[in-house]
Every structure is written in C-alpha cells, then in structure tokens.
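Scroll down for the structure; my scribbles are underneath it.
What follows is calculated from the coordinates using simple rules that are stated; it is not laboratory data. Keep in mind that this is a model prediction, so the values were computed, not measured. All Cβ positions, glycine included, derive from the backbone under ideal geometry; neighbour counts span all protein chains shown.
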Amino acid sequence: MIRRRRAAGEDQLRQLRRQSEQALDALGLTGGFTFAELHERVERRRGRPVHLIPRELPALAPHGLWVAGEHADYIFYAANASPVRQRLIIGHEYGHALFDDVSPASELDRATATPAPLARSSYDVPQERRAEIFGSLAVQRAESWSEIPVTAPADIALADRLAAALEGRRHP
C-alpha cells in the first residue's frame, strides 16, 4: 500500500514537471533567458500587465501572492528575501498565473475586505506543487538574473488593499 502511494506521488511529480517544462517551452523560453524576458513573456501570454510588488512581510506571512485583477495581475513577493528566493517566489506565482490556478473566492474577498493573511501554503495541493516546480525550473534555466522589473500598478488603491491584507494589517 505504501509503495503504491509513493509510486502514485512520483508519477504525479513527473506529470507536474512535464507540465511546467511545457509551459516554459510554450513561452519560447527553451534556452537561457533573463528574468526580464520571462516577465515580458508572462505578460504577453496573459494579455495584460503583471505588476511585481515587493513588500516587507512578517516572518509567518505568505512569501508571495498572485492576484488576477480585472485588468492586470498583481504578484506580491517578500522584499526581505534573498535575491534567489525572490525569483523562486515570483516564478512560483508566475506558475499560478500561467496555469490559471483558481484560488477560493474567499481569498480574494479577504484580501479586499479584512486583514487576514492570504495565500496557499499547503504543498499537498497539486497546483501548489506545480507552481513550485515551475518557479524552480525558471530559476534553474535563467542564464541571467536580471533586475526584477518592479512596476507601479495603475490601480494603487486595490494594490494597497491587497498588500495590507497580505501583511496582516488593516487598510484605512
């Protein structure tokens, strides 16, 4: 019984890795690339701006969050993380965006209504594993870790509400 479960888990990981490799390949990123190129390709694939927003986050808060807004995507990541960790976090969130992973509606409701910390943290969920694999592959394949393209979102009020929720504080 344990062997069967282990084999099923290994099969799932292989499948998730294949999906992640195919997603990178579909972006035209088969060889080395910069993180700026990855960002541009994700925006092109999504057909909308993807705003990368660094935030100082408490130790127990999620390290990253992707929110698909009405006209843009927002990726929050830990500004206090090491450069490699930041890229892993961003790559992970790109994975969620590219696979159109759906989080429970209550997460977005909490993000805009209350100060509850957000983001998924269970790697038992296949979409979390896949996003982690995607982020790891992106970091491994990148030939240059160029500057992270931080952009100012047009909807500052929404970004501020989401950031406040992620940081576990009330927004005025």
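Structure notes:
- Amide hydrogen proximity for I53: with H placed 1.01 Å from N in the peptide plane, the residues at 5 or more positions away or on another chain lying under 5 Å are I75, F76, Y77.
- Neighbourhood charge, 9 Å Cβ-Cβ cut-off, centred on F33 and excluding it, Lys, Arg +1 and Asp, Glu -1: 0
- The simple Förster model, with R0 at 25 Å and r as the Cβ-Cβ distance, assigns F99 and E10 a FRET efficiency of 0.75.
- In a fully extended conformation the segment linking E21 and S82 would gain 19.5 nm over its present Cα-Cα distance, using 0.36 nm per residue.
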